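The structure appears right after this line, and notes come after that.
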Amino acid sequence: MSARPSAIVTGAGSGIGAAIALRMAREGYALAINDLTQEACGRTVEAIREGGGTALAIPGDVSDPQAVADMTKAASERFGPARLLVNNAGHGHQAAFLDISLAEFERMFAVHVRGTFLMAQAVLPAMVEAGDGVIVNVASQLGQIGGVELVHYSGAKGAIIAMTKSLAREVAGRGVRVNAIAPGPIETPLVAALSEDWKRAKAAGLPLGRFGRPEEVAGAVAFLASPDGALFIGQTLGPNSGDVML
């Protein structure tokens, strides 16, 4: 097992997840890197190792209970029980509400909501036993304000925010801090897949006037995982270019 504290970051093959993993490696964590494929995981693992960090690929679908069990077991056997879980795995799809199929709706909730649920259930017993752990759930500002042609995505992200608050109330007294971040539009492959009209209109309406970068979101996770974040319980931080002001 690694002498470093261990962390699992889902959806870490690219974008926000990769940036979070690289940042937490610099913070001294041994990283278990999840994405759907070994190839996607491998890119981030290689980047962490090139920077002198420690990382392991644990590919799999976070919406699959058996895959989650296998992934978390592999991570624990290699690095010890996770002290940090970042639920970042995501799925993007844009469509008018009446054009969203039931399969598309269910897949959105499977990845975002069921995946967050399954991963948290898998790591929480060891965190509670140790009286020490941090879970950061990656939501979206669209879970707070909604998005045109993104009803299923916004609904799933809103569910993550509500789950974060409820779980935080349940486990804070046992040493586990649960929080969320709700990024605004970030320069990632997921956002790149949205229509150019949507992206132009969205950027024009942001007080900062630009989309964020994955590295800027990673800083919020690093803060919540650090001792400086000790008083943050059930909160949703918003690295969102001013799109949502709370």
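The values are calculated or read from the model by the stated rules, or taken from the named source; none is laboratory data. Here the structure is a predicted model, which is why all the values come from computation and not from measurement. Positions of Cβ are generated from backbone atoms using ideal geometry, with glycine treated the same way; all protein chains shown enter the neighbour counts.
Within the stretch 48-86, track down each residue that is basic (Lys, Arg) and either touching a Cys at 6+ places or on another chain (Cβ under 9 Å) or part of a loop (DSSP other than H, G, I, E, B) (or both). Working first, answer last.
If we filter the stretch 48-86 for residues that are basic (Lys, Arg), which is where we start, we get 49, 73, 78, 83.
Passing the criteria: only ARG83.
So in the stretch 181-210, with the set limited to residues that are touching a Lys or Arg at 6+ places or on another chain (Cβ under 8 Å) and of a type outside the set (A, V, I, L, M), which one is surrounded by the fewest Cβ atoms within 10 Å (Cβ to Cβ)?
Of the stretch 181-210, the ones touching a Lys or Arg at 6+ places or on another chain (Cβ under 8 Å) are 182, 185-187, 191, 203.
Then drop every residue that is not of a type outside the set (A, V, I, L, M), which leaves 185, 187.
Details: PRO185: 23, GLU187: 15.
It comes out as GLU187.
Can you work out which of the residues in the stretch 167-181 that are in a helix (DSSP H, G or I) and touching a residue at least 40 places away in the same chain (Cβ under 8 Å) is farthest from SER140 (Cα to Cα)? Write out each step before concluding.
We begin by selecting, within the stretch 167-181, every residue in a helix (DSSP H, G or I); these are 167-174.
Imposing the further condition that a residue be touching a residue at least 40 places away in the same chain (Cβ under 8 Å) reduces the set to 167-169, 171-172, 174.
Numbers: LEU167: 18, ALA168: 18, ARG169: 21, VAL171: 23, ALA172: 23, ARG174: 27 Å.
Ranking the qualifying residues of the stretch 167-181, first place goes to ARG174.
Can you find even one residue in the stretch 176-184 that is at pLDDT 95 or above and in contact with a Pro (Cβ under 6 Å, 6 or more places away or on another chain)?
yes
Quick check: is even one residue across the stretch 187-195 closer than 21 Å to MET119 by Cβ, at pLDDT 95 or above, β-branched (Val, Ile, Thr) and under 19 Å from the mean Cα position of the chain (by Cα)?
Checked the stretch 187-195: no residue is closer than 21 Å to MET119 by Cβ, at pLDDT 95 or above, β-branched (Val, Ile, Thr) and under 19 Å from the mean Cα position of the chain (by Cα).
Looking at this structure, is ALA40 in contact (Cβ under 8 Å) with a residue 12 or more places away in the chain and either of a type in the set (A, V, I, L, M, F, W, C) or not in a loop (DSSP other than H, G, I, E, B) (or both)?
Yes, satisfied.
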